[in-house]
1. In nm, to one decimal, how far is the modelled label at Gln60 from the one at Phe107, with both set 7 Å along Cα→Cβ?
2. Could you rank the peptides 77-84, 105-112, 89-96, 32-39 by their average count of other C-beta atoms within 10 Å per residue, with the highest value first?
3. Tell me the accessible surface of Trp51 in square angstrom (1.4 angstrom probe, heavy atoms of protein chains only), to the nearest ten.
4. Under a Cβ-Cβ cut-off of 12 Å, what is the net charge of the residues other than Gly70 that fall near it, where Lys and Arg count +1 and Asp and Glu count -1?
5. Roughly how many whole Å is it from the C-alpha centroid of segment 64-89 to that of segment 95-137?
Amino acid sequence: MKKAVLFLILGTLAFHAAAQTPKESYQLSTHILDIQKGSPAPGVPILLYRWNPSDETWAQIDEGVTDRNGRIADFLSHKNNNEGIYKLRFETAPYFAGQKEKSIYPFIEVIFQIRGNGHYHIPLTVSANGYSTYRGN
């Protein structure tokens, strides 16, 4: 009985300690919706680049793969000043090949500018022959 009570107390303390640990916050997220299927696009590699105006080049700064909901939520930590021009490169060819679709887009690049420290959500709606993007929330 004493062991069970001790286990319960320790478990409760561990739960509360984990719940009070602040989660890291990110400024940029993205997701892909396959509008032809009407569902998220999981497993799509996405590369994040930042523009360097001094030498006019792009530098890759991060990468990820969309989860089962077609999302990546952890680009650009709020710990940093992220103002600047960025490019998300959605590697769509492998996704469409896996869907047995022929796409005219081997990849899609979306260029945008971050100003201030607000959250930027850059979604992509895509089909084999078209796409659209906007600033979401």
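The values are calculated or read from the model by the stated rules, or taken from the named source; none is laboratory data. Predicted, not measured: the structure shown is a model, and the values here were computed from it. FYI the Cβ positions are ideal-geometry reconstructions off the backbone, even for glycines, and counts take in every protein chain you see. Ligands, DNA and RNA are excluded from the accessible area calculation, which covers all protein heavy atoms including side chains. Shrake-Rupley method; radii C 1.70, N 1.55, O 1.52, S 1.80 Å.
1. Once both label points are built, they end up 0.7 nm from each other.
2. Result, highest mean Cβ count within 10 Å first: 89-96, 32-39, 105-112, 77-84.
3. 70 Å²
4. Value of the local net charge: +1.
5. That distance is 13 Å.
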